[in-house]
Amino acid sequence: MIFHSESPEQTIAFGLSLGKRLKKGDVLALQGTLAAGKTTITKGIAQGLGIDDNITSPTFTLISEYPGALPLYHMDVYRLDSPDDFLNLGVEELIYGDGVCIIEWSEKVMEILPKSAIVIKLEAEEGERRTITVENWPYEELMP
Ligand SMILES: Nc1ncnc2c1ncn2[C@@H]1O[C@H](COP(=O)(O)OP(=O)(O)O)[C@@H](O)[C@H]1O
Ligand SMILES: [Mg+2]
């Protein structure tokens, strides 16, 4: 599934429609360089999960937790050196837990994520254009 975004608002709206369809245990592996829009799409996904909190980048906290009907665990593994460092944070119980996990810079830890992880690749194009590719989406395709 490919979505072409022309603005941060469109990326958030697309994330919202994804978030509405998520279920307990879903793991979203976000990929893409700095400023590709990983945190921005997460804001939309959180809205779709019914979370009103303002989502901020977990670059320094590594894991942020937002309570909701489905709790959201938002992680950024940019500063980690290895998948083992990730496991040492105790993330397994979150990944196989009661909510939804979103992992920024997941390229670094793909080998320890479940095979069922939904992969969202964000690519910055000219200006505010972003190409967003969703792989392994287990639900009905979204209408563009
Ligand atoms: N179409 C777009 N989608 C998402 N972000 C965009 C878009 N166009 C411009 N931006 C800007 O790019 C930046 C993306 O930042 P952020 O979401 O924090 O990226 P990341 O988490 O991937 O580093 C923001 O400043 C945002 O306003
Ligand atoms: Mg980010």
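The values are calculated or read from the model by the stated rules, or taken from the named source; none is laboratory data. Quick caveat, the model's predicted, so the values are computed rather than measured. Here the Cβ positions follow ideal geometry from the backbone for every residue, glycine too, while neighbour counts run over all protein chains shown. Only protein heavy atoms, including side chains, enter the accessible area calculation; ligands, DNA and RNA are left aside. Shrake-Rupley method; radii C 1.70, N 1.55, O 1.52, S 1.80 Å.
Table for the structure above
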{"read-out": "Members of the range 86-108 that are under 8 Å from Ala29 (Cα atoms) and small (Gly, Ala, Ser)", "value": "Ser106"}
{"read-out": "Some residue of the range 72-95 being under 21 Å from Leu142 (Cα atoms), within 11 Å of ligand 1 (Cβ to nearest atom) and open to solvent by 40 Å² or more (accessible area, probe 1.4 Å)", "value": "no"}
{"read-out": "Residues of the range 56-88 satisfying the condition of being farther than 20 Å from Gly37 by Cβ and among the charged types (D, E, K, R)", "value": "Glu65, Asp81, Asp84, Asp85"}
{"read-out": "Residue list for the range 44-57, filter: more than 10 Å from ligand 2 (Cβ to nearest atom) and open to solvent by 50 Å² or more (accessible area, probe 1.4 Å)", "value": "Gln47, Gly50, Asp52, Asp53, Asn54"}
{"read-out": "The range 27-38: number of residues that are touching a residue at least 24 places away in the same chain (Cβ under 8 Å) and open to solvent by 20 Å² or more (accessible area, probe 1.4 Å)", "value": "3"}
{"read-out": "Tabulated pairs, the range 39-59, first among the basic types (Lys, Arg), second outside any loop (DSSP other than H, G, I, E, B) and open to solvent by less than 10 Å² (accessible area, probe 1.4 Å), C-beta under 7 angstrom, 6+ apart or interchain", "value": "Lys43/Gly15"}
{"read-out": "Given (1) within 16 Å of ligand 2 (Cβ to nearest atom); (2) under 18 Å from Pro138 (Cα atoms); (3) not small (Gly, Ala, Ser), index of the condition Lys20 fails", "value": "(1)"}
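So that you can scan it fast, the table gives a plain yes or no per residue for (1) out of contact with any His (no Cβ under 9 Å at 6 or more places or on another chain); (2) closer than 22 Å to Gly48 by Cα:
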{"position": "Asp84", "(1), (2)": "yes, no"}
{"position": "Leu87", "(1), (2)": "yes, no"}
{"position": "Glu92", "(1), (2)": "yes, no"}
{"position": "Ile95", "(1), (2)": "yes, yes"}
{"position": "Trp105", "(1), (2)": "yes, yes"}
{"position": "Val109", "(1), (2)": "yes, no"}
{"position": "Ile112", "(1), (2)": "yes, no"}
{"position": "Ile132", "(1), (2)": "no, yes"}
{"position": "Met143", "(1), (2)": "yes, yes"}
